Amino acid sequence: MKVIATYNLKGGVGKTAAAVNLAYIAARSGLRTLLWDLDAQGAASFYLRVRPGASGTATALLEDKRGLARAIRATDCVNLDLIPADFSFRNLDIELRDYKKSTVRLRRMLRELEDDYDLVFVDSAPSMSTVSENILNMADLLLVPLIPTHLSLRAFDQLVTFRAEQADSHALILPFFSMVDRRKRLHRELIIEFAQSHPELLRSYIPYAAEIERMGEHRAPVNAYADNSAGGRAFLALWAALAERLEFAAVPPARRA
Ligand SMILES: Nc1ncnc2c1ncn2[C@@H]1O[C@H](COP(=O)(O)OP(=O)(O)OP(=O)(O)O)[C@@H](O)[C@H]1O
Ligand SMILES: [Mg+2]
């Protein structure tokens, strides 16, 4: 089981879009996939039309030994399950602090599901908190969407520092560009500059695209309704690049030709 968290200290950069669309593509390619929505705002759960039940509160999740397994819901997408966010997740930070080894608590819980999934995506809120520390400590890979602006790239350096401070984290940081507008000279310049100093950058980027923006209207992953659009193809290419790094052979059929 590999754990990929979409993470950034900045908000509104495409974390949820990446988590939902990549999880959908991975699941469609045959991998048993779980998406854990750890943002109390529940955007990923909204897109996938799933609500948490009584077993989905922060307290139920943490107190019950089988809490995580009980919170899992099926989605309409084949091979894709979801742990939906509950609004009580806004208190997760406070609740986590009552536990010993609070920063590795979620990782321990996730281990219980080790045999059930090939891949777990975690969608997170833009913050530095105990929950974020838990995310850094459970992820094999931090997938970081970056908007090509100076402030966004500065926040990336802060994230690298924050990650380096987590002694229990083995997460590899993989940035990619998101919401790219190739018509803007600044976007083109910043991407080239960043790529030169960051060889780990995934070379597939996600363009600013109307069909991605419309996920809220469709309440579905882009690739479920616009597979062959610019945005849909960009997520397929990003998944192919990611699958290669994760050493998953499974690449969606559309990219095999
Ligand atoms: N590539 C894109 N092109 C156009 N719109 C996009 C793109 N990616 C995301 N969006 C839109 O931008 C908004 C923010 O995206 P998203 O929710 O994925 O960001 P986020 O980083 O998860 O935000 P938050 O920090 O609030 O959780 C959403 O309305 C989404 O539909
Ligand atoms: Mg989000």
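Every number in this text was worked out from the coordinates using simple rules, so none of it is lab data. What you see is a predicted model; the values in this text were computed from it and never measured. Heads up, the Cβs are rebuilt from the backbone with ideal geometry, glycines too, and the neighbour counts pull from every protein chain shown.
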* Asked: So which residues in region 63-93 are among the acidic types (Asp, Glu), over 20 Å from Arg105 (Cβ atoms) and buried (at least 16 other Cβ atoms within 10 Å of the Cβ)?
  -> Asp81
* With the condition kept exactly as written, say whether any residue in region 199-214 is of a type in the set (A, V, I, L, M, F, W, C), within 16 Å of ligand 2 (Cβ to nearest atom) and under 24 Å from Asn137 (Cβ atoms). => no
* Tally the residues that are away from ligand 2 (no atom under 12 Å from the Cβ) and either farther than 19 Å from Ile212 by Cα or of a type in the set (Phe, Trp, Tyr) (or both), restricting the search to region 6-26. => 2
* **Counted residues, region 34-49 - those being away from ligand 2 (no atom under 11 Å from the Cβ) and surrounded by fewer than 23 Cβ atoms within 10 Å (Cβ to Cβ)** => 1
* Just give me the residues in region 9-25 being crowded, with 24+ Cβ neighbours inside 10 Å and of a type outside the set (Ser, Thr, Tyr), in sequence order. => Lys15, Ala17, Ala18, Ala19, Val20, Asn21, Leu22, Ala23, Ile25
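Would you pick out the residues in region 86-105 that are aliphatic (A, V, I, L, M) and touching a residue at least 40 places away in the same chain (Cβ under 8 Å)?
Leu92, Val104
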* Asked: Any chance region 78-96 includes a residue that's within 13 Å of Phe121 (Cα to Cα), hydrophobic (A, V, I, L, M, F, W, C) and more than 16 Å from ligand 2 (Cβ to nearest atom)?
  -> yes
* **Of all residues making up region 140-161, the number that are within 16 Å of ligand 1 (Cβ to nearest atom) and within 23 Å of Leu35 (Cβ to Cβ)** => 7
* Asked: Do we find a residue being of a type in the set (A, V, I, L, M), more than 27 Å from Glu247 (Cα to Cα) and touching a strand residue (DSSP E or B) at 6+ places or on another chain (Cβ under 6 Å) anywhere in region 27-47?
  -> no
* **Number of positions in region 194-213 that are charged (D, E, K, R), closer than 20 Å to Asn8 by Cα and out of contact with any Leu (no Cβ under 8 Å at 6 or more places or on another chain)** => 2
* Boolean, Ser129 is of a type in the set (Gly, Ala, Ser), within 16 Å of ligand 2 (Cβ to nearest atom), in contact (Cβ under 8 Å) with a residue 40 or more places away in the chain and closer than 21 Å to Ile4 by Cα -> no
